[in-house]
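Before any comments, here is the structure.
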Amino acid sequence: MHIAGNLQAEGVQIDLRQELAVAELSDTALRQLRKMLDDLNLRVGSVSFPTRRSYGNPEQLERRIEATVAAMQGAGRLGCRVIVLTLGPCPAPESAERATLLEALGTLAVQGNRLGVEIALQSTAPAEELQNLLGELPDGAIGLDLNPADLVLVGQSPREFAERLGKHVVHLAANDAVRGFGSTGGGEVELGRGAADFPELLGMLEEYGYRGWATIERRQSRHPAVDVENAVAFLRAL
């Protein structure tokens with residue numbers, strides 16, 4: 001958080017599974033955390049809660065849903081309104097796993113609405129598959145996370161994602177990547193140096209009225225702080 005504050009970011013994303021179990025924080029600890037954020041002029045823009053298994057997997061599903069709802073409650077305690085959840089592959093239509101997934105997402109959507117927290121599903125499934133999945137849920141019940149780097153690395157188009165699903169996007173990851181060719185492997189790169197046309201993506205999302213966060217993410221770098229600082233400057237220049 002101090003690094004983010006020094007880089008003049010406006011907020012942070014917190015992983016409520018691996019970084020901070022906010023549901024277990026006492027009220028005193030939470031007040032101290034929020035004071036630290038205030039002192040650093042930061043907000044919690046979003047939280048994430050990655051799960052090992054998808055919500056379509058029936059194994060320990062009830063426990064997984066309970067933990068996710070607790071994370072949503074934690075997001076609310078932090079003053080955050082968006083939680084990024086891992087979707088994984090889209091199960092085949094008419095399959096038992098599809099029915100389980102839809103029921104679980106419906107339950108989470110109801111809880112999210114009650115708690116004032118929007119769900120942003122993170123997935124690299126083709127845009128058409130995600131569009132069909134959302135079409136089987138009540139309109140506006142579930143949102144999406146747009147993660148350009150992940151899409152590029154699996155051969156998907158961030159532009160096509162924004163074209164087809166822009167109205168559903170409630171969270172944007174500010175990252176970039178290049179796709180490998182032949183024996184040359186691709187990988188994540190500094191924002192603005194890869195295959196994702198970020199100015200174009202922001203323009204497309206703006207047409208859908210997107211006013212959410214762009215969360216800078218740099219997972220593979222020898223100089224992550226420098227790259228994040230450059231990404232902050234890059235976004236503010238757009």
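If I filter the stretch 201-237 down to residues being farther than 15 Å from ASN175 by Cβ and not in a helix (DSSP H, G or I), which single residue comes out as most open to solvent (accessible area, probe 1.4 Å)?
Residue satisfying both the conditions and the ranking: ARG222.
Looking at GLY155, GLY135, GLY187, GLY194, which one is among the small types (Gly, Ala, Ser), free of Cβ contacts under 8 Å to residues at least 12 places away in the same chain and out of contact with any helix residue (DSSP H, G or I) (no Cβ under 6 Å at 6 or more places or on another chain)?
GLY135
Take the residues in the stretch 12-33 that are crowded, with 16+ Cβ neighbours inside 10 Å and touching a Lys or Arg at 6+ places or on another chain (Cβ under 9 Å), then tell me which one is farthest from ARG98 (Cα to Cα).
Only one residue tops the list, namely LEU25.
Scanning the stretch 34-47 for residues that are of a type in the set (A, V, I, L, M) and either open to solvent by 40 Å² or more (accessible area, probe 1.4 Å) or in contact (Cβ under 8 Å) with a residue 40 or more places away in the chain (or both), which turns out nearest to LEU7 (Cα to Cα)?
LEU42
Cβ contacts < 6 Å: first residue more than 10 Å from ARG77 (Cα to Cα), restricted to the stretch 16-31; second residue in a helix (DSSP H, G or I), any location; separation 6+ or different chain. Result?
Note: pairs meeting the criteria are LEU16/VAL22; LEU16/ALA71; LEU16/GLY74.
Of all residues in the stretch 31-49, how many are under 23 Å from the mean Cα position of the chain (by Cα) and at pLDDT below 95?
Residues in the stretch 31-49 being under 23 Å from the mean Cα position of the chain (by Cα) and at pLDDT below 95: 2 in total.
With respect to ARG63, is the statement that it is surrounded by fewer than 18 Cβ atoms within 10 Å (Cβ to Cβ), touching a Leu at 6+ places or on another chain (Cβ under 8 Å) and either at pLDDT below 95 or not aromatic (Phe, Trp, Tyr) (or both) true?
For ARG63, the condition - surrounded by fewer than 18 Cβ atoms within 10 Å (Cβ to Cβ), touching a Leu at 6+ places or on another chain (Cβ under 8 Å) and either at pLDDT below 95 or not aromatic (Phe, Trp, Tyr) (or both) - is not met.
Please specify each residue of the stretch 45-80 satisfying the condition of being farther than 22 Å from VAL12 by Cβ and outside any loop (DSSP other than H, G, I, E, B).
Correct list: LEU61, GLU62, ARG63, ARG64, ILE65, GLU66, VAL69.
For the stretch 96-121, how many residues are in contact (Cβ under 8 Å) with a residue 60 or more places away in the chain and open to solvent by 50 Å² or more (accessible area, probe 1.4 Å)?
0
Yes or no: GLU62 free of Cβ contacts under 8 Å to residues at least 12 places away in the same chain and closer than 21 Å to ARG52 by Cβ?
Yes; evaluated as a whole, the condition is true for this residue.
Please indicate, with yes or no, whether at least one residue in the stretch 83-90 is closer than 25 Å to HIS223 by Cα and either in a loop (DSSP other than H, G, I, E, B) or modelled with pLDDT under 95 (or both).
So far as the stretch 83-90 goes, no, none of its residues is closer than 25 Å to HIS223 by Cα and either in a loop (DSSP other than H, G, I, E, B) or modelled with pLDDT under 95 (or both).
Tell me the residue from ALA162, ALA195 that is at pLDDT 95 or above, crowded, with 20+ Cβ neighbours inside 10 Å and in contact with a strand residue (DSSP E or B) (Cβ under 8 Å, 6 or more places away or on another chain), please.
ALA162
The values are calculated or read from the model by the stated rules, or taken from the named source; none is laboratory data. Quantities reported herein were computed from a predicted structural model and do not represent experimental measurements. Neighbour counts run over all protein chains shown; Cβ positions are idealised from the backbone, glycine included. Calculation scope for accessible area: heavy atoms of the full protein, side chains included, ligands and nucleic acids excluded. Shrake-Rupley method; radii C 1.70, N 1.55, O 1.52, S 1.80 Å.
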